[in-house]
Amino acid sequence: MSGLILDKKLFKFLRDLRDHNDRDWFAENKNRYETDVRGPAVELVSRLQKPLDKVAPMLHVVPKAHNGSVMRIYRDTRFSKDKLPYKTNVGISFRHQAGKDIHAPGIYLHFDPDECFIGAGCWRPDGPTLAAIRALIDTDPKAWKRTRNQKSFAQHYELVGESLKTAPRDYPKDHPLIEDLWRKDFIAIAPFTTSEVTSASFPDLVVERVKQARPLMRFLCDAIDVPY
């Protein structure tokens, strides 16, 4: 794959939006958003569609401006004290075909002027999903340790997210994998530099990172009995 897709204009728009996060400014700069942000993000998804269909065929990769893999820039402020109307980052979500929302195992791309990364796994899984993941860690600890410590995965990814303060129900406090059983999120991230994101080879790098996340994605999918 070749040809520049994302460039510094995307980050310039996001910085400007951070300084002017209101509906009037956004309306005046809507064309910039379409040209510099959403259009290139959709094009990136389009470039990734065929290669990801080969390396991660269970993921939905949908290159559409609306109701596709590129997430809405509009914030849901109904239940938030923060009433700023727009997100100041670009999010792209490749959801698992078996999942109806972002809490299922999936891949997420995040572009922000201060931080860019790829995420893989389950963010805030529901109760049954979380219980199933913990159960597989408990019953097959060798498989979990192989997943967590697999060389190419561990070289690029770091497990992140929130954890409990104590052992989950039904697990002893001295369980040998208690720190992993504490987890409420089973998500790993690998950072990107701005220069990587704005390079012509960025789609290839994304595909490589998706390949490297395969051990975690397979473990999580095995836990909830869905293919990957």
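The values are calculated or read from the model by the stated rules, or taken from the named source; none is laboratory data. Not measured: the values here are computed from a predicted model. Positions of Cβ are backbone-derived with ideal geometry, glycine not excepted, and every protein chain shown enters the neighbour counts. Calculation scope for accessible area: heavy atoms of the full protein, side chains included, ligands and nucleic acids excluded. Shrake-Rupley method; radii C 1.70, N 1.55, O 1.52, S 1.80 Å.
Summed over segment 53-62, the residues that are open to solvent by less than 40 Å² (accessible area, probe 1.4 Å) and out of contact with any Leu (no Cβ under 8 Å at 6 or more places or on another chain) give a count of 2. Considering segment 107-123, the residues that are in contact with a Leu (Cβ under 9 Å, 6 or more places away or on another chain) and more than 28 Å from K9 (Cα to Cα) include one that is surrounded by the fewest Cβ atoms within 10 Å (Cβ to Cβ), namely G121.
Looking across segment 80-106 at every residue that is under 13 Å from F186 (Cα atoms) and buried (at least 20 other Cβ atoms within 10 Å of the Cβ), the one that is modelled with the lowest pLDDT is identified as A104. Output yes when any residue across segment 208-216 is in a helix (DSSP H, G or I), in contact with a His (Cβ under 6 Å, 6 or more places away or on another chain) and either open to solvent by 50 Å² or more (accessible area, probe 1.4 Å) or not hydroxyl-bearing (S, T, Y) (or both), and no when none is. The answer is yes, given that some residue of segment 208-216 is in a helix (DSSP H, G or I), in contact with a His (Cβ under 6 Å, 6 or more places away or on another chain) and either open to solvent by 50 Å² or more (accessible area, probe 1.4 Å) or not hydroxyl-bearing (S, T, Y) (or both). Checking the stated criteria, R15 turns out not to satisfy the condition of being out of contact with any helix residue (DSSP H, G or I) (no Cβ under 6 Å at 6 or more places or on another chain), free of Cβ contacts under 8 Å to residues at least 60 places away in the same chain and open to solvent by 30 Å² or more (accessible area, probe 1.4 Å). Taking every residue in segment 116-127 that is within 17 Å of V226 (Cβ to Cβ) and part of a loop (DSSP other than H, G, I, E, B) and pairing it with any residue that is open to solvent by 50 Å² or more (accessible area, probe 1.4 Å) and of a type in the set (A, V, I, L, M), at least 6 positions away or on another chain, the pairs with Cβ-Cβ distances below 8 Å are W123/I102. The residue list T166, T129, T77, T139 contains one member that is open to solvent by 20 Å² or more (accessible area, probe 1.4 Å), closer than 12 Å to L220 by Cβ and polar (S, T, N, Q), which is T129. Do we have N31 as open to solvent by less than 30 Å² (accessible area, probe 1.4 Å), over 24 Å from C221 (Cα atoms), more than 18 Å from the chain's Cα centre (by Cα) and among the polar types (S, T, N, Q) here? So N31 fails the test.
Here segment 143-153 is the region considered, the condition is being open to solvent by 50 Å² or more (accessible area, probe 1.4 Å) and assigned to a helix (DSSP H, G or I), and the residue that is farthest from L177 (Cα to Cα) is K151.
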